[in-house]
Amino acid sequence: MIKIAMFDSKQYDIDSFESQGYENIKIKYFETRLTEDTAYLAKGYDGVIVFVNDAVNESVIDVLASLGVKLVALRCAGFNNVNLKYAKDKVKVIRVPDYSPHAVAEHAIGILLTSVRRIHKAYIRSKDFNFSLNGLTGFNLNEKTMGVIGTGKIGKAFINICKGFGMKILAYDIYPDESLGIKYAPLDEILTKSDIISLHCPLTKENYHMIDSQSIKKMKKGAIIINTSRGSLIDAEALLEGIKEKKLGGACLDVYEEESDLFFEDNSGHIVHDDILARLISMPNVLITSHQAFLTKEALENIATTTLNGIESFFEKDVLLNEVAYSKKE
Ligand code: NAD
């Protein structure tokens with residue numbers, strides 16, 4: 001029997017993992033996140049399953065390695081929360097590279113439409129039989145320029161949806177995919193020419209705060225930013241300034257720089273100490289969801305099967321599927 005400890009487990013994770021029928025893998029579900037303090041819970045387990053906000057840093061890796069944990073299986077695509085350089089030769093790391101690009105791309109469009117057509121406001125009004133249209137004026141997406149940063153799996157799915165709206169696409173990627181038949185441009189041109197900018201690249205050391213006060217200055221007045229990728233791609237303080245100065249027309253965020261302290265949990269009865277987040281949330285043109293772009297039935301099922309298949313393959317066949325390993329570029 002392969003023994004696995006899963007961290008940051010929610011009921012929807014337990015349901016999807018337990019329904020896959022892998023009788024050779026026994027999972028203990030821990031609600032807590034993986035941190036230096038909780039890493040000892042992995043004692044007696046062969047591997048751990050972690051999520052986006054579990055910190056697989058040097059100290060955690062040291063504890064896991066000392067406990068004999070051989071595998072860290074990320075049940076997500078991004079791996080910015082893992083110190084791959086330090087993990088090398090201590091634990092192996094695998095991930096789920098493409099569980100459902102459509103889930104994320106559709107959510108990105110969902111929060112954009114909700115925001116620009118004021119659907120969230122109309123929903124609350126009509127619940128109170130307030131059928132007034134004052135203040136609900138939006139704008140068409142048709143003919144607008146969508147700047148897409150990162151044209152990988154999610155970016156491609158997103159571009160296809162945007163094409164359906166009749167939008168013009170301007171893209172930036174460090175590795176352009178010429179087979180897409182779309183117009184690529186340097187990052188500065190994306191910033192200056194786009195009506196809406198959507199981030200679909202991974203977070204790396206090089207692109208930390210790629211949207212900061214300087215890049216916001218270059219944007220069109222009234223531009224809208226969508227981020228369903230990773231919070232730290234945007235300097236949240238600079239974003240807030242851009243919104244307050246009315247330079248930006250809005251922000252649709254599924255991720256946030258400091259989300260690990262708050263997202264995925266019910267904080268409704270708490271005093272939130274993050275003033276930037278609180279101020280952003282108070283803005284009429286900022287829409288925030290709690291890193292839920294991945295959360296569809298299809299994606300959860302793919303995450304569970306790919307993760308379990310990867311664990312089985314490693315422990316029973318000594319074959320690493322979807323490994324993420326340190327290379328000098330990272
Ligand atoms: P992918 O690897 O298929 O594509 C990423 C693309 O970004 C690649 O084409 C790559 O060349 C490009 N890129 C890398 N660095 C770049 C940079 N500095 N500037 C511009 N482009 C750059 O990845 P994907 O499956 O499309 O996922 C993209 C990101 O979406 C993930 O890294 C993850 O952070 C995020 N994500 C979020 C959720 C969510 O629930 N919100 C779910 C899944 C993935």
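The values are calculated or read from the model by the stated rules, or taken from the named source; none is laboratory data. Please read these numbers as outputs of a predicted model, since none were measured by experiment. Because the Cβ atoms are built from the backbone with ideal geometry, glycine has one as well, and the counts that use them run over all protein chains shown. Note: accessible area is taken over every heavy atom of the protein model, side chains too, but ligands, DNA and RNA are not part of it. Shrake-Rupley method; radii C 1.70, N 1.55, O 1.52, S 1.80 Å.
Of all residues in region 96-109, count the ones that are more than 8 Å from the ligand (Cβ to nearest atom) and either β-branched (V, I, T) or buried (at least 23 other Cβ atoms within 10 Å of the Cβ) (or both).
Here the count works out to 5.
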Margin query: Just to verify a result, which residue in region 296-328, among those that are outside any helix (DSSP H, G or I) and modelled with pLDDT of 95 or more, is nearest to the chain's Cα centre (by Cα)?
Written below: T296
Note to self: Suppose we filter S132, S179, S198 for residues that are over 27 Å from H291 (Cα atoms) and not in a helix (DSSP H, G or I); which single one remains?
What the structure shows: S132
Next item on the list: For region 51-63, enumerate the residues that are out of contact with any helix residue (DSSP H, G or I) (no Cβ under 6 Å at 6 or more places or on another chain), outside any loop (DSSP other than H, G, I, E, B) and either hydroxyl-bearing (S, T, Y) or crowded, with 16+ Cβ neighbours inside 10 Å (or both).
Entry: V56, S59
Notebook entry, point to check: Name the pairs: first residue in region 102-122 and touching a residue at least 60 places away in the same chain (Cβ under 8 Å), second residue among the aromatic types (F, W, Y) and open to solvent by 50 Å² or more (accessible area, probe 1.4 Å), Cβ to Cβ under 7 Å, at least 6 apart or on different chains?
Noted result: V116/F139
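Results for (1) at pLDDT 95 or above; (2) in contact with an Asp or Glu (Cβ under 7 Å, 6 or more places away or on another chain); (3) away from the ligand (no atom under 14 Å from the Cβ), shown as yes or no for each residue.
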position: K221; (1), (2), (3): yes, no, yes
position: T228; (1), (2), (3): yes, yes, no
position: S232; (1), (2), (3): yes, yes, no
position: D235; (1), (2), (3): yes, yes, yes
position: E241; (1), (2), (3): yes, no, yes
position: K247; (1), (2), (3): yes, no, yes
position: G250; (1), (2), (3): yes, no, yes
position: F263; (1), (2), (3): no, no, no
Checklist line | Residue pairs meeting the criteria (Cβ under 6 Å; at least 6 apart or on separate chains; first open to solvent by less than 10 Å² (accessible area, probe 1.4 Å), in region 304-315; second in a helix (DSSP H, G or I) and aromatic (F, W, Y)) | finding: A304/F17
